[in-house]
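Report on the following structure.
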Amino acid sequence: MAEIVEADNYEAIVTRIEHKSRKIESLLKQYKPVEALKTALEGSPPKTKDERCKSANWIVVHRAIMAIKDVDSLFSALDPEYYDILMKYLYRGLSTGDRPTCDQCLKIHEKLTEKAGLGCILRCLADTLNTV
């Protein structure tokens, strides 16, 4: 079972997220959106119940998701180990109600469901411990 980090580690978690954000921006400038998404998903969700940390991490993941232009090629380069966590972030994106975010999340959701199957959706919805 994953250990939940207490609130006193908030600064350490935010520092890691900021470092991740800089790395993602660098990858996006190099036109490597899939690598940026992989980097964003690594270590996600943060092992904390602190919503500030989860929101900060969502901003980083959202930036990478929105940079994906070719959804078909995404899944030829994305390892299956990322599918479940990506699905969680897609649902978080859909919950924002922001039109461009929802459109992008729905495009990726369709392809992810084709690739990973319905089990990916069920695992995502059933896992209430590791929320994003």
Region 11-124 - percent of accessible surface contributed by carbon and sulfur, probe 1.4 Å: 54
Hey, if you put +1 on the Cβ of every Lys and Arg and -1 on every Asp and Glu Cβ in the chain, which of Ser55, Val34, Ile121 ends up farthest toward the positive end of that dipole? Val34
Skip the ligands, DNA and RNA, and give the accessible area per residue of region 11-124 with a 1.4 Å probe, whole Å². 53
Distance in nm between pseudo-label sites at Thr128 and Cys102 (7 Å out along the Cβ direction from Cα): 2.6
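Helix-only estimate, please: 222 nm mean residue ellipticity of the chain, summing -39500 (n - 2.57) across DSSP H runs of length 4 or more and dividing by its residues, to the nearest 500. Don't skip to the end; give the middle numbers.
Details: 7 runs with 93 residues, N = 132.
Estimated from H runs of four or more residues: -22500 deg cm²/dmol.
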Distance between modelled label sites at Asp79 and Ser95, nm, 7 Å Cα→Cβ extension: 2.7
What residues have an amide H closer than 5 Å to that of Thr48, excluding those fewer than 5 places away on the same chain, when H is modeled at 1.01 Å from N in the peptide plane? Val5
Ranking Thr131, Val71, Gly43 by how far each Cα lies towards the positive end of the charge dipole of the chain (+1 on Lys and Arg Cβ, -1 on Asp and Glu Cβ), the top one is Val71
Please report the accessible area of Ile85 (heavy atoms, 1.4 Å probe, ligands and nucleic acids excluded) in Å², nearest 10. 20
Roughly how big is the chain's charge dipole about its Cα centre, with Cβ charges of +1 (Lys, Arg) and -1 (Asp, Glu), in debye to the nearest 20? 320
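The values are calculated or read from the model by the stated rules, or taken from the named source; none is laboratory data. This is a predicted model, so every value here is computed, not measured. Using ideal geometry, Cβ is built from the backbone for each residue, glycine included, and neighbour counts are taken over all protein chains shown. Only protein heavy atoms, including side chains, enter the accessible area calculation; ligands, DNA and RNA are left aside. Shrake-Rupley method; radii C 1.70, N 1.55, O 1.52, S 1.80 Å.
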